[in-house]
Amino acid sequence: RETKVFRENLKGGNFMVSRASWFGDYNDPTTFLNLSKTGDGNNDRGYSNPAFDALLEQAEAQSTPQARLDVLTSAEQMMVEQDMPMLPIFRYNQLYLFDPHRISGISPHPRMEQQMHRVDVLGDGKGPDTPIMLRKGEAGKGLFRMDGGGS
């Protein structure tokens, strides 16, 4: 179906099974969990579980980051292990191949965005020629996966 018809059917609930995709907009579990919150504009499945919604609200009220993550973990377990309103069948994976001794500033951004002002060809006499270190496991031979899989 053309995209317009597909989206109309999706928003109208006119489907038995549908495809979808999502990138995390921000580095927090709620970027995915809120997709299943009752009434969320991106909850195309129409999933609604008052206990799940209550956990999301409870997480917002926590006084420490760890306590918040513990409650969000419970919400995720409820959604994935009990209700399963969506079935993840694949995830995006982006590979970058580069020489880490010559190129610096390549970003492992989860949305595959590169901040080109940070990329530098080392030793070319242009730019700072100061290597920007990648997180542990991302360097090696200049190959790293954008799905967090390391090198």
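What order, most packed first, do the peptides 44-54, 77-87 have when packing is the mean number of other Cβ atoms within 10 Å of each residue? Don't skip to the answer; put the middle values down first.
Values: 44-54: 14.5, 77-87: 12.9.
For the peptides 44-54, 77-87, the packing ranking is 44-54, 77-87.
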### Query
Of (i) -0.45, -0.54, -0.64, -1.07; (ii) -0.40, -0.48, -0.55, -1.03; (iii) -0.26, -0.33, -0.40, -1.11, which is the value of log10 I(q)/I(0) by the Debye sum over Cα atoms at q = 0.09, 0.10, 0.11, 0.18 Å⁻¹ derived from the coordinates here?
(i)
### Query
Leaving out ligands, DNA and RNA, what percent of the accessible area of the chain is carbon and sulfur, probe 1.4 Å?
53
### Query
Across the range 69-78, in residue order, what do the Karplus-derived ³J(HN,Hα) couplings come to in whole Hz, using 6.51 cos²θ - 1.76 cosθ + 1.60 with θ = phi - 60° and x for Gly and Pro?
5, 4, 5, 5, 4, 4, 5, 5, 4, 4
### Task
Return the sequence-ordered ³J(HN,Hα) values of the range 99-106 in whole Hz as given by the Karplus equation 6.51 cos²θ - 1.76 cosθ + 1.60 applied to θ = phi - 60°, using x for Gly and Pro.
8, x, 8, 10, 10, 10, x, 5
#### Entry: Within a Gaussian network of the chain (alpha carbon springs, distance under 10 Å), most fluctuating of Gly125, Gly105, Gly12
Gly125
## Note on the structure
Taking a probe of 1.4 Å and leaving out DNA, RNA and ligands, the chain shows per residue an accessible area in Å² of 71
### Query
Residues with amide H under 5 Å of Ile132's amide H, sequence separation 5 or more or different chain, H placed in the peptide plane at 1.01 Å from N; which?
Gly105
### Query
How much of Glu60 can a 1.4 Å solvent probe reach, expressed as accessible area in Å² and rounded to 10?
140
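The values are calculated or read from the model by the stated rules, or taken from the named source; none is laboratory data. A quick note: this is a predicted structure, and the numbers were derived from the prediction, not measured. Every residue, glycine as well, gets a Cβ built from its backbone with ideal geometry; the counts of neighbours run over all protein chains shown. The area values use the complete protein model at the heavy-atom level, side chains included, leaving out ligands, DNA and RNA. Shrake-Rupley method; radii C 1.70, N 1.55, O 1.52, S 1.80 Å.
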